[in-house]
1. Can you give me the C-alpha center-to-center distance between segment A:19-60 and segment B:177-243, rounded to a whole angstrom?
2. B:K139: which lysines have alpha carbons under 18 Å from its alpha carbon, excluding same-chain residues fewer than 8 sequence positions away?
3. Give, in nm to one decimal, the length gained when the segment between A:A31 and A:E63 is fully stretched (0.36 nm per residue of separation minus the Cα-Cα distance).
4. So, in Å, what gap is there between the alpha-carbon centers of segment A:187-257 and segment A:91-165?
5. What percentage of the solvent-accessible surface of chain A, computed with a 1.4 Å probe over protein heavy atoms, is contributed by carbon and sulfur atoms?
6. Which value, in Å to one decimal place, does the Kirkwood hydrodynamic radius take for the protein assembly as shown when every pair of different Cα atoms is included?
7. Rounded, prolate or oblate, given the Cα gyration tensor of segment B:65-191, with a/c below 1.5 counting as rounded?
8. Mind running the shape call on chain A? Use the C-alpha gyration tensor, a ≥ b ≥ c as the square roots of the eigenvalues: rounded below 1.5 for a/c, prolate if a/b tops b/c, oblate otherwise.
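The values are calculated or read from the model by the stated rules, or taken from the named source; none is laboratory data. The structure displayed is predicted, hence computed values, not measured ones. Please note: Cβ atoms are built from the backbone with ideal geometry, for glycine as well, and neighbour counts cover all protein chains shown. These area figures cover heavy atoms from the full protein model, side chains too; ligands, DNA and RNA do not enter into them. Shrake-Rupley method; radii C 1.70, N 1.55, O 1.52, S 1.80 Å.
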Amino acid sequence: MSLSLVSIGYTYGRGTSFGMRALHDVSLEVAPGELVLVLGATGSGKSTLLRIAAGLLRADEGEAVLDGVSLDRGSARGVVGLIFQDAESQLFADTVLEDVAFGPRNMGASREEALASATESLRAVGLDPATFKDRSPFSLSGGEARRVAIAGVLAFHPRYLLADEPTAGLDAKGRRAMRSLLLEARAKAGVVVVSHGAEEFLADADRVIVLSGGGCALSSTPRELVATPSMFDRVGLRAPDVLEVQRLAASRRSADMPYTLDPAEAARSLTHGGGQR
Amino acid sequence: MSHSYTTGAHSVPAVRDVSLDIGPAEYVAVLGANGSGKSTLVRLINGLLLPSSGEITVNGIGTHDEAGIGTIRESVSVVFQNPDDQIVATSVEDDVAFGPENLGLARDVIRERVAWALESVGLCGLERREPHLLSGGQKQRLAIAGALAMQPHWLVLDEPTSMLDPVGRVEVLDVLEAVADSGRSVIHVTHDLSEAMRASRALVMHEGCIVFDGSPGDLLCATDRLESWSLELSPLLTLAEELRDHGIVVPRAASTPAAIVEALCR
Ligand SMILES: Nc1ncnc2c1ncn2[C@@H]1O[C@H](COP(=O)(O)OP(=O)(O)OP(=O)(O)O)[C@@H](O)[C@H]1O
Ligand SMILES: Nc1ncnc2c1ncn2[C@@H]1O[C@H](COP(=O)(O)OP(=O)(O)OP(=O)(O)O)[C@@H](O)[C@H]1O
Ligand SMILES: [Mg+2]
Ligand SMILES: [Mg+2]
């Protein structure tokens, strides 16, 4: 079982004078139990890739296969869940609870089951069901709306969970909750996380791909990336700050050290051993 | 001032009994948990919402003063949380020019401002693109450019970097600093403490109230309260703390990798 995109290409407005080639020759594969991190600068094609993986756009080059069948809107329904970058735009129902219950209901759950699952998902994203369930999803703060949209996808337990900048607009507690929800989901589902910053999910990922100008600039593992922070520069990204400190210190002291993402560990190696003059 | 939203049978208090005075040339960071009232405060400042009680004045004009609201809107530019809500034109350059045109500026001044604003946010080359068809981060940059082009006395930004990549984020933060240095005021809503370190003043909202008003450096010292306000040190600020625990003198203001390495290698 896997969701597999091989040498995908996509052009918006194909065949028109304002055609915009957003992706070329990009591959992505994820199986249940895995977490793949997709990095890349603004406009590099990350959201386009997720729209294709969710069956919302049809790749015009390459192959898209979902658990052995051709990937399209129909085969993806209920199997692939996409948390949109502008998650708020996914909201539509009269009340928060109805909105979150829509997914499971659509998957054939009974009304009671759907409402129970929705209530549980609201709690999981840190929204007290008693306070929020009857509110209109259009009268929420930015972060609250985002949480409702996330709950709506989690509630139907997709086998492939695609999350586009899932922590944008969330406060610290929300970000922590989001991270543990995605890790929990990985136990059963294949998870793809799109993020600008490598900081948040790098330590958790099984694989990392970096997009640049619509192409695949790098396909690697977190271990390799952390060991060689200069790889971030080469693909037009910034190394996570903690790595950047270690790298700058190493070059100032002309001494190398094993790089780490963990601030406490980094502080130890920066102050003791590891290249003290 | 206070503000409650009424929707159907519900009344949601969003800003409670807040008193606040922001002077010229201040760079104020506004922090706080989801739902703590930050965006409501922003909407009150530019008169999009009127307070349920109390009043707000901008350069002496009350936001409830219908004759004065136009003047307020000229001196206060807001970048709202959702960039989709702010697109007004069918091309990137027309979108940025929209505000300055309404100010009645000369054509060449407008052209200059648009070019400068697009340059500042790194959108050069996309002038003719259709705003609705941009990527998330591109739309966010566009919204910022639109506000910059107004060259307002008060630049108010609601989570302006939430969709920017780390390179773009630093570019935008540098622009905000330059704006504040030029004698204008910046009010910057953010969840990110290291972004707030660049401000001259930090406000924390909690359940509609302002619970902290002081220097960003002092905010970091309130370690026991950060958690209850749903704030968290970034990995870089955590590293700085750890280094201090190891006896390294790291200035409070050090909020970039370079500044920390400076302290380390001194
Ligand atoms: N509907 C559309 N029509 C035409 N061009 C589009 C459309 N959506 C996106 N694009 C363009 O395709 C390219 C890739 O966009 P995409 O949204 O995939 O980028 P992204 O990596 O998600 O960026 P961000 O980090 O800013 O969200 C960009 O240049 C963008 O302007
Ligand atoms: N249009 C609205 N109608 C009713 N209640 C609202 C509306 N907008 C916001 N609220 C409520 O007011 C409170 C404050 O919301 P606000 O948007 O100011 O928060 P915020 O600090 O900006 O949060 P976030 O970080 O999530 O953007 C929240 O409890 C929210 O649910
Ligand atoms: Mg995107
Ligand atoms: Mg807000």
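1. Centre-to-centre (Cα) distance: 35 Å.
2. Partners within reach: A:K46.
3. Separation in residues times 0.36 nm, less the Cα-Cα distance, equals 9.9 nm.
4. Result: 32 Å between the Cα centres.
5. Values: 5760 of 11530 Å².
That fraction is 50 percent.
6. Values: mean 1/r = 0.0408 Å⁻¹.
Kirkwood hydrodynamic radius for the protein assembly as shown: 24.5 Å.
7. On the way: a/c = 1.42, a/b = 1.12, b/c = 1.26.
It is rounded, given that a/c, with a ≥ b ≥ c, falls under 1.5.
8. Working: a/c = 2.16, a/b = 1.38, b/c = 1.56.
Cα axes put chain A in the oblate bin.
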